[in-house]
Amino acid sequence: MSYSYPVTSDIPISFVDGILRTFGSAPGGVNPIGGHTGEDRACPIGTPVYAPCDGYVVFEQFWDTLDGSDNPWLMTAGGGLTLGIDAGETEPLFIMAHLSKTLVNKGQWVRKGQLVALTGNTGRWTTGPHLHFEVMPPNWNLSNGTYGRVNPAIYCKGYPDAAGSIGPAGEITQEDELSAADADRIIAAIENIAAPGVAGQRSAGPLYDLAEQVKALPAIVK
């Protein structure tokens, strides 16, 4: 399975106090001995965040503690509103933090490229609006120096295309082109299941009306 970063390629990595906030940078302080546990992307509040993978939402919430003692991922109040998507038992877990809003719920299945959240500036450990992005590999080791996190670049090889992204309920936000042949097949299928009239003629019911609407959409037909 391939994975992507959760923001588009035009969102830059953050500089804080002259330090590029890549994975492993600036060890010490709020960071562990191995350095920064993720990658920060500087962006305005409300920037779209897309799912890096197909997977389940394992959490989407604020956390109460500063030591992560109440959960297996060491998530803390420093990250503000956070979202975690698990790609599978033998696949990584992806974490997005400092969000302003989530658009999915815990337990929900999401698809790679689906719009799942908006960036923000929530949490105690933030110096300005940005997205903090972390990756935890299968069988993570919390004592690896970065609290079990690894460099996102190990897994993420591309960026989402905002024009062709998937909406929060799984809708394709980019209008797909429809060939004339495909349109004809859709119309025929709809008309074939439209309710027949008393004399065997098709009635102008909802499905028939839908077929007429498809016929009236030349803008999406090549």
Quiz item: ³J(HN,Hα) across the stretch 50-63 via Karplus (A = 6.51, B = -1.76, C = 1.60, θ = phi - 60°), whole Hz, x for Gly/Pro?
Solution: 10, 5, x, 7, 7, x, 9, 6, 8, 7, 8, 5, 8, 10
Quiz prompt | Dipole magnitude of the stretch 3-164 about its Cα centre (Cβ charges: Lys, Arg +1; Asp, Glu -1), debye to nearest 20 | solution = 200
Practice problem: Can you find, among 147, 25, 44, the residue farthest towards the positive end of the dipole of the stretch 3-164? Put +1 on the C-beta of Lys and Arg, -1 on that of Asp and Glu. | Solution: 44
Practice problem: Enumerate the whole-percent occupancy of each 5 Å bin, from 0 to the last occupied one, for all C-alpha pair distances of the stretch 1-71. | Solution: 3, 12, 16, 20, 23, 21, 5, 0
Quiz prompt | Sparse-neighbourhood loop sites, chymotrypsin sites (Phe, Trp or Tyr not before Pro) in the stretch 1-68 - DSSP loop, at most 14 other Cβ within 10 angstrom | solution = 62
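Counting alpha carbon pairs within less than 8 Å and at least 6 residues apart, what relative contact order, in whole percent, applies to the stretch 96-140? Display every interim value, and only then the final one.
Numbers: 52 pairs, mean separation 20.7, N = 45.
Rounded, it is 46 percent for the stretch 96-140.
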Quiz item: Gap in Å between the Cα centre of the stretch 1-28 and the Cα centre of the stretch 50-123?
Solution: 17
Quiz item: What whole-number value in cubic angstrom gives the convex hull volume per residue for the C-alpha atoms of the stretch 3-164?
Solution: 101
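Values quoted throughout were computed directly from the atomic coordinates according to the rules given, and no laboratory measurement underlies them. Not measured: the values here are computed from a predicted model. Cβ: placed from backbone, ideal geometry, glycine included. Neighbour counts: every protein chain shown.
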